[in-house]
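Where a number appears in this text, it was derived from the coordinates with a stated rule and is not lab data. In this text, all values refer to a predicted model and were calculated from it rather than measured experimentally. Reconstructed Cβ throughout: ideal geometry from the backbone, glycine too, with neighbour counts over all protein chains shown.
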Amino acid sequence: MVPELEKATVRIQRPERVMAIIRAIKEQGMNKLQVISDFDMTLSRFGCNGRRCPTSHNILDNSRVISEDSKKKLKDLLHYYYPIEIDPNRTLEEKRPLMVEWWTRAHELLSQQKIQKGDIAQIVRESDVMLRDGFNELFDQLHKYNVPLFIFSAGVGDILEEIIRQANVFYSNVNVVSNYMDFDDNGILKRFKGPLIHTYNKNNSVLQGTEYFQQLSTRTSIILLGDSMGDLTMADGVPSVENILKIGFLNDKVEERRGKYLDAYDIVLESDETLDVVNGILRYIF
Ligand code: TMP
Ligand code: MG
């Protein structure tokens, strides 16, 4: 059915269930389908050439517009909070206030840097960011078949939009909900617009007012793509889900986190920098 599922990176706890969901999505047809995806480390790569790829926040942090002193502070925040973010031994309730702390402190630091709206394109061009291999096929296919792609990101909206724009795949079927920068009349960053989206509040609570899900209530088949345990709730606002296939990229601390990922995601992709499996499933469905 989907030869890509034979790849060595693929782990599935309940293969029959996965096949049944994929078959049901195919039966319902592409008019009933939507794809809901995280951005950082899901559509973008985790590693490239043996090094870590940047998140949308990291792209700003590493850029020439940030002072050396603030660079160090942002790096310290990352080194303190990232291990908490991915710690399989802490509950979401424990993590949530700490993530709010991380995002708030990082956004405060960034807002003091006089970042100019007009510099964003250049900052992205000069960064090491890479989309996962196969992104062209993914975006092109979804566009061709009019399947909405909803990107739900706790990253920086202005940066990730620029990434997909520069990759020439920011098609009309792509919608983004994320943290957007608020610039003053002179195009200088003053603050971030609310509501704040962090790793563990990607659900209904931040989608109210976007009306995005209202429009999509007829799309009852969902393919959900994420890399964090926080991404699992991204489809919670869709009123009538009939079939949902959750695909999780397990990028980091693979051994420690495997059990939890296999319980939560239908398909787990371990250290897989490609979109091959997603594209294979879509090829079968279309
Ligand atoms: P997401 O992939 O769920 O949209 O979350 C964005 C990622 O951004 C999350 O894994 C943590 C990361 N991040 C940074 O790299 N630097 C930061 O300053 C902040 C606040 C988050
Ligand atoms: Mg992510």
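Worth pointing out:
- Two-decimal log10 I(q)/I(0) for the stretch 225-272, as the Debye equation yields it once each C-alpha is a single scatterer, q = 0.30 Å⁻¹: -1.17
- Computed over the stretch 130-210, the convex hull of the alpha-carbon atoms projects to a mean area of 6.5 nm².
- With the gyration tensor restricted to C-alpha atoms of the chain, the semi-axes of the equivalent ellipsoid amount to 31, 21, 18 Å, longest first.
- Shape box of the stretch 176-281 [Cα atoms, principal axes, largest first, Å]: 47, 35, 24
- Put in line by how crowded their Cβ is, counting other Cβ atoms within 10 Å and starting with the fewest, S178, S240, S221, S205 read S240, S205, S178, S221.
- According to the Cα-based calculation, Rg over Rh for the stretch 39-92 is 1.01, with Rh computed by the Kirkwood formula.
- D184 versus N89: modelled label distance in nm, points set 7 Å from Cα along the beta carbon direction: 4.7
- Global form of the stretch 106-172, assessed from the alpha-carbon gyration tensor, a/c cut-off 1.5: prolate
- Calculated from backbone phi, Karplus (6.51, -1.76, 1.60) coupling profile of the stretch 96-105 in Hz, x at Gly/Pro: 3, x, 6, 5, 4, 4, 4, 4, 4, 5
- For the stretch 1-104, a Kirkwood radius taken over Cα pairs fed into Stokes-Einstein (20 °C, viscosity 1.002 mPa s) yields D = 121 µm²/s.
- Neighbour net charge for A8 - beta-carbon separation under 12 angstrom, K R +1, D E -1: -3
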